[in-house]
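Asker: The structure is given below, and queries will be raised subsequently.
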């Protein structure tokens, strides 16, 4: 896990450490698919920057996570193994703790726009515009049974 | 005070644009005040790598999340469905999906047919020529011959069926149920200066290509060329009246925050089913202590959303995913009333093509189908480009206890009271939603889905805002007459979805615009005695 990330943000060093531990547990790196974890430095920096406007909610979630770790395991969240960290995050997300939902959303937003991740999914890492995409026109003869059935609207 | 104008339109969205364009041929001096900006399509999310994330921030459908300077807050804490809108030239057409059905003949006669709500004072035949005119102005794509509708022409070929549309169409065929290519406000060919759709997949965050028919690129360029003036960043606080009880103009805040009075011979309100009652209720005077045009007491009452059910299937094979317009086909198998179903009226299925990589992750993680931690990536790949389904758009019947009022505390950036929503989902709607979920699950299963994810109602799905200044012939039971003029104030007109008597079970924009054109035409035919 990287020790430091961007400093131009409102998160304290402790909050950053907890956040990194959390996002890396939620979306870990995968050797099988050749993808980084969400705690990859570039992705984590993106997460922190994106989370800036939501600092209060995210900081509240991080505090809750540390509190849960202390209550359940008498340990700092960052000292827990990855599986336990993921379980705590999942539990708090299921309990609809608002800040955790915000943080998970931001994590997914930043992770799934990373070039390496998009390539691993078979996507070209680019914006949709201006090139757009191809979609097959389809076979409109599928409509034949609908035509044969005839009118279904109510005339008044 | 600024120079008087002949016609003042408040709001530059779907209906304001249509009425402005239609009235422009009169050569009257017409000004439109819009609280938002002209949008720059090159700055829409699909032009950037963060296109999905921006749907959660500055291009969110929720004004409370978006919080642009041009937005006003909405207190919808007392509603299971929150309000969606957008404030700009083009209004909510900037963010709509472009799903563009018409009402049906039966939708205007629900009291006669089903003994509920009220009949409209006009009918399908009245609006038919205005639907056609609006189709030409907006540029509608579709396929003629839909057996769920009276005959209607199509301007352009339909959007592609794609893999998702094909799979789900086969599911409908398996069950012998209706489906048809959706009418869409999306250009599939170059049309009226707009380029054709290139399947960006982000229609609901603004169309950078300009293929989707938002009114800033359809009606407004024509209206402006014909002499209509649009003033942006102008937020109207109230409509004023003179000693004769006629509207004398409006008080508004200009882009510098300066309070101004704009006198006008005619005032047309086009602020949607929440913004319009907010403005009317905020326009009090000695003659109208409960708000202008509110002698009936019905301004702000009978708020209708369309309760939405979301039913999404997970398929084995890759479908369209993030590619293509979100809309493709519809089904109106369950549109007309069938008493055996346990509810009156019905709904439309709007089939959704797929979703992007971020939305896939969030759908999976928040529904428990993608685990946190170990197994995340493998589970994700079981969903990516493999989700497709539909939403059920349920007809919402008018009930007076569903209201828009003025919040006693919350205000916008200019200190104008914000709208407060009080809304309860009816038992009829609940049963309809349940039916929509059950039948769609059958369709998706027949189409090959191995799992189904549902949500009903969609909590953030208050896209359609209707009924809060209803039209009718009885001044005690309606706010405007059968051509949009206030019963109380004879130079005040309303042209947006607030004048709907009932909501039908379809997206309302095409009907809102047809109504605006019809009202404009009614005004033009009566110019000599407009206020009699």
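Laboratory data are not the source of any read-out in this text; all were calculated from the coordinates shown. Source: prediction; values computed, not measured. Glycine gets a Cβ as well: all are built from the backbone with ideal geometry, and neighbour counts include every protein chain shown.
Asker: Quick check on residue B:185: is it within 13 Å of chain A (Cβ to nearest Cβ) and either on the phi < 0 side of the Ramachandran plot or surrounded by 21 or more Cβ atoms within 10 Å (Cβ to Cβ) (or both)?
Answerer: Numbers: within 13 Å of chain A (Cβ to nearest Cβ): no; either on the phi < 0 side of the Ramachandran plot or surrounded by 21 or more Cβ atoms within 10 Å (Cβ to Cβ) (or both): yes.
Criteria not met by residue B:185.
Asker: Within region B:303-320, track down each residue that is crowded, with 24+ Cβ neighbours inside 10 Å and within 14 Å of chain A (Cβ to nearest Cβ).
Answerer: B:320
Asker: Residue check, residue A:86 against (1) facing chain B (nearest Cβ under 8 Å); (2) over 30 Å from residue B:47 (Cβ atoms); (3) surrounded by fewer than 18 Cβ atoms within 10 Å (Cβ to Cβ), all met but one. Which one?
Answerer: (3)
Asker: Scan region B:65-74 for residues that are more than 14 Å from every other protein chain (Cβ to nearest Cβ) and surrounded by fewer than 22 Cβ atoms within 10 Å (Cβ to Cβ) and jot them down. Lay out the reasoning, then the answer.
Answerer: Of the residues in region B:65-74, the ones more than 14 Å from every other protein chain (Cβ to nearest Cβ) are B:69-74.
Correct list: B:69, B:70, B:71, B:73.
Asker: Picking from A:113, A:94, A:151, A:147, which residue would you name as being under 20 Å from residue A:45 (Cα atoms) and at the interface with chain B (Cβ under 8 Å from one of its Cβ atoms)?
Answerer: A:113
Asker: Identify, from the list B:225, B:233, the residue that is more than 10 Å from chain A (Cβ to nearest Cβ), under 26 Å from residue B:20 (Cα atoms), in contact with a strand residue (DSSP E or B) (Cβ under 8 Å, 6 or more places away or on another chain) and surrounded by fewer than 23 Cβ atoms within 10 Å (Cβ to Cβ). If you could, list the steps in order and put the result at the bottom.
Answerer: Values: B:225 fails: in contact with a strand residue (DSSP E or B) (Cβ under 8 Å, 6 or more places away or on another chain).
B:233 is the lone residue from the list that is more than 10 Å from chain A (Cβ to nearest Cβ), under 26 Å from residue B:20 (Cα atoms), in contact with a strand residue (DSSP E or B) (Cβ under 8 Å, 6 or more places away or on another chain) and surrounded by fewer than 23 Cβ atoms within 10 Å (Cβ to Cβ).
Asker: Follow-up. If I go through region B:138-153 residue by residue, how many of them are surrounded by fewer than 22 Cβ atoms within 10 Å (Cβ to Cβ) and either more than 13 Å from every other protein chain (Cβ to nearest Cβ) or touching a helix residue (DSSP H, G or I) at 6+ places or on another chain (Cβ under 8 Å) (or both)?
Answerer: 6
Asker: Only one residue in B:405, B:363, B:348, B:337 is touching a residue at least 60 places away in the same chain (Cβ under 8 Å) and assigned to a helix (DSSP H, G or I). Which one?
Answerer: Working: B:405 fails: assigned to a helix (DSSP H, G or I); B:348 fails: assigned to a helix (DSSP H, G or I); B:337 fails: assigned to a helix (DSSP H, G or I).
After applying the criteria, what remains is B:363.
Asker: Continuing with the same structure: Please work out which residue is farthest from residue B:64 (Cα to Cα), limiting yourself to region B:78-114 and to residues that are touching a residue at least 24 places away in the same chain (Cβ under 8 Å) and surrounded by fewer than 20 Cβ atoms within 10 Å (Cβ to Cβ).
Answerer: Only one residue fits best here, namely B:113.
Asker: Here is a list: B:172, B:108, B:103. Which entry is farther than 25 Å from residue B:465 by Cα and touching a helix residue (DSSP H, G or I) at 6+ places or on another chain (Cβ under 7 Å)? Even if it seems obvious, please write down each step before you answer.
Answerer: Working: B:108 fails: farther than 25 Å from residue B:465 by Cα; B:103 fails: farther than 25 Å from residue B:465 by Cα.
Exactly one of B:172, B:108, B:103 is farther than 25 Å from residue B:465 by Cα and touching a helix residue (DSSP H, G or I) at 6+ places or on another chain (Cβ under 7 Å), namely B:172.
Asker: Take region B:236-259 and flag every residue that is in contact with a strand residue (DSSP E or B) (Cβ under 9 Å, 6 or more places away or on another chain), within 22 Å of residue B:287 (Cα to Cα) and surrounded by fewer than 21 Cβ atoms within 10 Å (Cβ to Cβ). Explain how you work it out, then say what you get.
Answerer: Filtering region B:236-259 for residues in contact with a strand residue (DSSP E or B) (Cβ under 9 Å, 6 or more places away or on another chain) gives B:236-242, B:246-255, B:259.
Filter again for within 22 Å of residue B:287 (Cα to Cα), leaving B:236-242, B:246-252.
If the condition is that a residue be in contact with a strand residue (DSSP E or B) (Cβ under 9 Å, 6 or more places away or on another chain), within 22 Å of residue B:287 (Cα to Cα) and surrounded by fewer than 21 Cβ atoms within 10 Å (Cβ to Cβ), then B:237, B:238, B:240, B:242, B:246, B:248, B:251 are the ones that fit.
Here's the yes/no breakdown for (1) more than 14 Å from residue B:268 (Cβ to Cβ); (2) out of contact with any helix residue (DSSP H, G or I) (no Cβ under 8 Å at 6 or more places or on another chain); (3) in contact (Cβ under 8 Å) with a residue 24 or more places away in the chain; (4) part of a helix (DSSP H, G or I):
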| site | (1), (2), (3), (4) |
| --- | --- |
| B:454 | yes, no, yes, no |
| B:469 | no, no, yes, no |
| B:474 | yes, yes, no, no |
| B:482 | yes, yes, yes, no |
| B:510 | yes, no, yes, yes |
| B:519 | no, no, yes, yes |
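Asker: Looking at residue A:71 and the list (1) more than 10 Å from every other protein chain (Cβ to nearest Cβ); (2) crowded, with 20+ Cβ neighbours inside 10 Å; (3) free of Cβ contacts under 8 Å to residues at least 60 places away in the same chain, which single condition is not satisfied?
Answerer: With respect to (1) more than 10 Å from every other protein chain (Cβ to nearest Cβ); (2) crowded, with 20+ Cβ neighbours inside 10 Å; (3) free of Cβ contacts under 8 Å to residues at least 60 places away in the same chain, residue A:71 is out only on (2).
Asker: Working only within region A:18-33, note down all residues that are buried (at least 20 other Cβ atoms within 10 Å of the Cβ) and not in a loop (DSSP other than H, G, I, E, B).
Answerer: Here is the first cut: in region A:18-33, the residues buried (at least 20 other Cβ atoms within 10 Å of the Cβ) are A:18-28.
Across region A:18-33, the qualifying residues are A:18, A:19, A:20, A:21, A:22, A:23, A:24, A:25, A:26.
Asker: Ok, one more. Residue A:129 fails exactly one of the following numbered conditions: (1) more than 7 Å from chain B (Cβ to nearest Cβ); (2) over 17 Å from residue A:37 (Cα atoms). What is the number of that condition?
Answerer: (1)
Asker: Could you tell me which numbered condition residue B:134 fails, if it satisfies all but one of (1) more than 8 Å from chain A (Cβ to nearest Cβ); (2) touching a helix residue (DSSP H, G or I) at 6+ places or on another chain (Cβ under 7 Å); (3) surrounded by 24 or more Cβ atoms within 10 Å (Cβ to Cβ); (4) closer than 21 Å to residue A:138 by Cβ?
Answerer: Status for residue B:134: all satisfied but (4).
Asker: Checking residue A:50 against (1) under 19 Å from residue A:36 (Cα atoms); (2) assigned to a loop (DSSP other than H, G, I, E, B); (3) within 8 Å of chain B (Cβ to nearest Cβ), which test does it fail?
Answerer: The one condition residue A:50 does not meet is (2).
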